[in-house]
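Q: One structure, as structure tokens, below. Some questions next.
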Amino acid sequence: MPDNAQPSTKLTNLTGVGPALAKKLARLGIYRIEDLLFLLPLRYEDRTQLVQLGALLAGQRCLVTGEVLLSETTFRGRRNLLVRISDNSGQLTLRFFHFSRSQQAQFQPGVKVSCFGEARKGPAGLEMIHPEYRILRSKQGTAVDDSLTAIYPSTEGVQQGRLRNLTEQALRRMQQSPPAELLPLSILEKLDLPSLADAIAYLHRPPPDADVDLLLAGQHPCQQRLAFEELLAHYLSLKNLRALAVSEPAPPMRAGAAELTNFVDDLPFTLTNAQQRVVDEILGDLAKPHPMMRLIQGDVGSGKTVVAAIACLKAIANGAQAAIMAPTELLAEQHFRSFSDWFRPLGIEPAWLSGSQRTVARRTALEAIASGTAQLIVGTHALFQDGVEFQNLGLVVIDEQHRFGVHQRMALREKGSGEAGQPHQLVMTATPIPRTLAMAAYADLDVSVIDELPPGRQPVTTVAIPETRRSEIVARVHSACAAGGQAYWVCPLIEESELLDYQAAEASYTMLSEALPDVRVGLVHGRMRQAEKESGMRAFKEGVIQLLVATTVIEVGVDVPNASLMIIENAERMGLSQLHQLRGRVGRGAAQSHCVLLYKPPLGRLAKSRLAVLRESNDGFLVAQRDLELRGPGELLGTRQTGLPEYRVADLVRDAGLMPSVQLAAESIQREAPDRAAAIVRRWLADANRYGKV
Ligand code: ADP
Ligand code: MG
């Protein structure tokens, strides 16, 4: 990235920047002077007004000035430097714990200082602890700034003062040669957005009367201006990628109508209207000589797998190989079993490929894949690792898309390209995301929605209960199992720690085994060996185990229709979409199912509304919409889950509402000014090159 920087844009051209600082700045994603302009402040401080000491309130962060009355060091446990200042309205104490002799010497009585800090109640009236301060020279007048003070995201070893100085230099350079305005005037006018240079200048140095609340909420037109362009860049980039992909040839698949009819007729159920509609959309795509790039969104239990199976059969009937990839071994195994059940009667034996496979089995599978004897291949990420050569891959199905990113989709596409062209691609996700978000996340895909559940499903009844009533719940599990039912007990999710996840699951397992001696309890967690996990799941599926204690490894896709009760511990810590996913493991059979969300009281406001959403709705799209609205920073629908790259300015959730205009703008710019479109993508994505060629 730094390599392609023009010499004049090198950070080291700025006063005070050497190689060491440049390295630190790189950690903030700043490689060129221009990048400093896009480093937006996190918040602002108001140093444009002086507060009279007599009017100062505890808790206020502000700028004050005063004359030193006295300074002294005291020992209250540790050494303190106390400086008492006064203006003609009142007094204030400045307190320092760390100070040098020369600092101490500065505070001579009569010296004027200006300080910025938070006023707090101290032992003798208001004080400021370690304020930022400046000694004012005798004739110096007011110390107020003429704009709000930007507080930047900090990185170790780069002080705010330094960042302010650097952005100041960058802003000054910007005045000489402003960055190109890439958005057409007509669009800016229609959306009532400021120019890029104006927006940048404003956000770094807002005037004293700026609406700080609006800025903090990220809703200021100047912020929206930048977010808009960034979203546009990502959108255009995905659209380019799509245009590139669909310009490639792909094997048109038109044969096999009879095979498909027989397959569907032999299913133990009738396809829902929604499934049938999506099947038709897929078959329409597959018949074309260019690759399909389609996403199926469907709530948990909506029956996506069988739709994928029909697509696979179509590919196979046309002499191509089909591969289905799942994010975890457990899910891949489940698909392997379903596909084996469906396809064996047709004389099609699925091949299996996973990371944990033994060498011999792997070699056999690789040979079958390379020679084409394997027509259908089921597996995990291992499917697109080195050493896997397909003979004639015509269709790739990716299940549970939110764990795969765009770049992984790309890699897979590369993998499959052969003489007949690129493979068709079908992506399935059980995380329904609101339409505006889908526009941004899946701009390279066509979207089909299965918006109907198979008939006879009863909505899961959901209750939220404090964990102080755990024994009641244990009794409820007991009676459910005694009545022939099965239950899941899902253990707390401990972010980023498989080890702790596993310990929590072990503890619950022990507790439940002791409390319920006549219930057959099993345990499945992410740290188990594959075989153990599999045998645990199988035992549950076969009813040998009645109560399955599990970590969130069961989150997606696991299908045990006889399980009708789910307890989720520490539900308050989980995101809405994840809870909805988990809950989708029950309610798959004919019996009325229940989900108990155990929480640790007291519940925060956000957690309370989150649990309420689940009690009130079983509709994944609605849950996702509410998730979007309630989401706090860093929560579950973040980029990590959607597999999207990080944004510099935009927040996909906060700014999702911009997407319809982004889409329209993209179309008009691409039509009327394609070179601008390319420049927009380069400005925001050239460094990372995250979506491949731009
Ligand atoms: P998901 O969309 O969550 O992946 P699955 O494909 O696992 O859902 O389907 C859930 C269950 O519903 C499976 O047991 C599947 O066989 C069954 N199923 C799928 N389609 C239908 C249908 N049209 N009628 C009845 N059951 C169906
Ligand atoms: Mg599924």
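The values are calculated or read from the model by the stated rules, or taken from the named source; none is laboratory data. All figures in this text were calculated on a predicted structure; none of them were measured in a lab. Ideal geometry is used to build each Cβ from the backbone, glycine not excepted, and the neighbour counts take in all protein chains shown.
Q: If you scan segment 434-471, which residues turn out to be of a type in the set (A, V, I, L, M, F, W, C), outside any strand (DSSP E or B) and within 24 Å of Leu395 (Cβ to Cβ)?
A: Of the residues in segment 434-471, the ones of a type in the set (A, V, I, L, M, F, W, C) are 437-441, 443, 445, 447, 449-450, 453, 460, 463-465.
Those still in the list that are outside any strand (DSSP E or B) too: 437-441, 443, 445, 453, 460.
Matches in segment 434-471: Ala438, Ala441, Ala443, Leu445.
Q: Pull up segment 93-135, narrow it to residues that are part of a strand (DSSP E or B) and β-branched (Val, Ile, Thr), then point me to the one that is farthest from Glu67 (Cα to Cα). Can you show your working first?
A: Here is the first cut: in segment 93-135, the residues part of a strand (DSSP E or B) are 93-96, 112-122, 125-129, 132-135.
Okay, now just the ones that are also β-branched (Val, Ile, Thr), so 93, 113, 129, 135.
On the way: Thr93: 11, Val113: 6, Ile129: 17, Ile135: 10 Å.
Applying the filter and picking the extreme gives Ile129.
Q: When you scan segment 136-161, how many residues do you find that are assigned to a helix (DSSP H, G or I) and either at pLDDT 90 or above or surrounded by fewer than 15 Cβ atoms within 10 Å (Cβ to Cβ) (or both)?
A: Here is the first cut: in segment 136-161, the ones assigned to a helix (DSSP H, G or I) are 160-161.
Next, only the ones that are either at pLDDT 90 or above or surrounded by fewer than 15 Cβ atoms within 10 Å (Cβ to Cβ) (or both) stay: 161.
The qualifying residues number 1.
Q: Quick one: count up the residues across segment 87-108 that are surrounded by fewer than 15 Cβ atoms within 10 Å (Cβ to Cβ) and either among the small types (Gly, Ala, Ser) or modelled with pLDDT of 95 or more (or both).
A: The qualifying residues number 4.
Q: Can you tell me which of (1) over 43 Å from the mean Cα position of the chain (by Cα); (2) on the phi > 0 side of the Ramachandran plot; (3) of a type outside the set (S, T, N, Q) is the one Asp87 doesn't meet?
A: (2)
Q: Of all residues in segment 438-453, how many are touching a strand residue (DSSP E or B) at 6+ places or on another chain (Cβ under 7 Å) and not polar (S, T, N, Q)? Quick ask: steps written out before the conclusion?
A: First pass over segment 438-453, keeping only residues touching a strand residue (DSSP E or B) at 6+ places or on another chain (Cβ under 7 Å): 438, 442, 444-450.
Within this subset, residues satisfying the condition of being not polar (S, T, N, Q) are 438, 442, 444-447, 449-450.
Total satisfying the criteria: 8.
Q: Still on this structure, please answer the following. Among the residues of segment 59-74, write down those that are surrounded by 19 or more Cβ atoms within 10 Å (Cβ to Cβ) and in contact with a Pro (Cβ under 9 Å, 6 or more places away or on another chain). Walk me through how you get there before you give the answer.
A: Kept after step one, since they are surrounded by 19 or more Cβ atoms within 10 Å (Cβ to Cβ), are these residues of segment 59-74: 62-66, 68, 71.
Val64, Val68, Ser71 - these are the residues of segment 59-74 that are surrounded by 19 or more Cβ atoms within 10 Å (Cβ to Cβ) and in contact with a Pro (Cβ under 9 Å, 6 or more places away or on another chain).
Q: Being polar (S, T, N, Q) and in contact with a Ser or Thr (Cβ under 6 Å, 6 or more places away or on another chain) is the filter here; which residues of segment 508-530 pass it?
A: Within segment 508-530, just Gln530 meets the criteria.
Q: Of all residues in segment 313-331 being more than 15 Å from ligand 1 (Cβ to nearest atom) and either of a type in the set (S, T, N, Q) or in contact with a Cys (Cβ under 7 Å, 6 or more places away or on another chain) (or both), which is nearest to Arg457 (Cα to Cα)?
A: Ala322
Q: Follow-up question, since we're still on this one. For segment 295-312, give me the residue count where each residue is over 11 Å from Met428 (Cα atoms), more than 8 Å from ligand 1 (Cβ to nearest atom) and surrounded by fewer than 24 Cβ atoms within 10 Å (Cβ to Cβ).
A: Residues meeting the conditions: 2.
Q: Go through the residues of segment 223-236 one by one and say whether even a single one is without any contact (Cβ under 8 Å) to a residue 60 or more places away in the chain and under 21 Å from Asp192 (Cβ atoms).
A: Of the residues in segment 223-236, the ones without any contact (Cβ under 8 Å) to a residue 60 or more places away in the chain are 225.
Okay, now just the ones that are also under 21 Å from Asp192 (Cβ atoms), so 225.
Yes; the residues of segment 223-236 include at least one that is without any contact (Cβ under 8 Å) to a residue 60 or more places away in the chain and under 21 Å from Asp192 (Cβ atoms).
Q: Looking at segment 292-312, I want the residues that are at negative phi and in contact (Cβ under 8 Å) with a residue 24 or more places away in the chain and have a partner that is part of a strand (DSSP E or B) and near ligand 1 (Cβ under 6 Å from one of its atoms) with Cβ atoms under 6 Å, at least 6 apart or on another chain. Which pairs are those?
A: Hits for this filter: Lys304/Gly298.
Q: Now for a different question. Name the helices (runs of 4 or more DSSP H) wholly inside segment 568-659 in which the number of residues that are at pLDDT below 85 is 3 or more. Full working, then the answer.
A: Values: elements: 576-583, 605-616, 620-630, 639-642.
It comes to 576-583, 620-630, 639-642.
Q: Could you list, ordered by first residue, the pairs with Cβ atoms under 6 Å in which the first is in segment 246-269 and surrounded by 12 or more Cβ atoms within 10 Å (Cβ to Cβ) and the second is of a type in the set (Phe, Trp, Tyr), at least 6 apart or interchain?
A: Pairs found: none.
Q: Also, quick follow-up: Hey, Gln275 hits all of (1) within 16 Å of ligand 1 (Cβ to nearest atom); (2) at pLDDT 95 or above; (3) within 28 Å of Gly418 (Cα to Cα) but one; which does it fall short on?
A: Answer for Gln275: the failing condition is (3).
Q: Looking at (1) surrounded by fewer than 20 Cβ atoms within 10 Å (Cβ to Cβ); (2) modelled with pLDDT of 90 or more, find the lone condition where Gly77 falls short.
A: (2)
Residue-wise test of (1) at pLDDT 70 or above; (2) within 22 Å of the chain's Cα centre (by Cα); (3) within 16 Å of ligand 2 (Cβ to nearest atom).
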site	(1), (2), (3)
Ala382	yes, no, no
Gln385	yes, no, no
Gln391	yes, no, no
Glu400	yes, yes, yes
Phe404	no, yes, yes
Gln425	yes, no, no
Met428	yes, yes, yes
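Q: Please verify whether segment 318-341 includes one or more residues that are farther than 27 Å from Lys533 by Cβ and surrounded by fewer than 24 Cβ atoms within 10 Å (Cβ to Cβ). If you could, list the steps in order and put the result at the bottom.
A: Taking segment 318-341 as the starting set, the residues that turn out to be farther than 27 Å from Lys533 by Cβ are 318-321.
Okay, now just the ones that are also surrounded by fewer than 24 Cβ atoms within 10 Å (Cβ to Cβ), so 318-319.
The answer is yes; a qualifying residue exists.
Q: Out of the residues in segment 572-596 meeting the condition of being hydrophobic (A, V, I, L, M, F, W, C) and over 19 Å from Ala430 (Cβ atoms), tell me which one is farthest from ligand 2 (Cβ to nearest atom).
A: Looking at the filtered set, the residue picked out is Val596.
Q: Scan segment 560-577 residue by residue and report those that are within 26 Å of Ser471 (Cβ to Cβ) and either within 16 Å of ligand 1 (Cβ to nearest atom) or acidic (Asp, Glu) (or both). Quick ask: steps written out before the conclusion?
A: So in segment 560-577, the residues within 26 Å of Ser471 (Cβ to Cβ) come out as 560, 562-574.
If the condition is that a residue be within 26 Å of Ser471 (Cβ to Cβ) and either within 16 Å of ligand 1 (Cβ to nearest atom) or acidic (Asp, Glu) (or both), then Val560, Asn562, Ala563, Ser564, Met566, Glu569, Glu572 are the ones that fit.
Q: Suppose we keep only residues that are of a type in the set (S, T, N, Q) and without any contact (Cβ under 8 Å) to a residue 12 or more places away in the chain within segment 323-380. Which one would you say is farthest from ligand 2 (Cβ to nearest atom)?
A: From segment 323-380, those of a type in the set (S, T, N, Q) are 328, 334, 338, 340, 354, 356-357, 359, 364, 371, 373, 375, 380; that's our starting set.
Applying the additional criterion that residues be without any contact (Cβ under 8 Å) to a residue 12 or more places away in the chain yields 340, 359, 364, 373.
On the way: Ser340: 16, Thr359: 30, Thr364: 27, Thr373: 27 Å.
Among residues in segment 323-380 that are of a type in the set (S, T, N, Q) and without any contact (Cβ under 8 Å) to a residue 12 or more places away in the chain, the one farthest from ligand 2 (Cβ to nearest atom) is Thr359.
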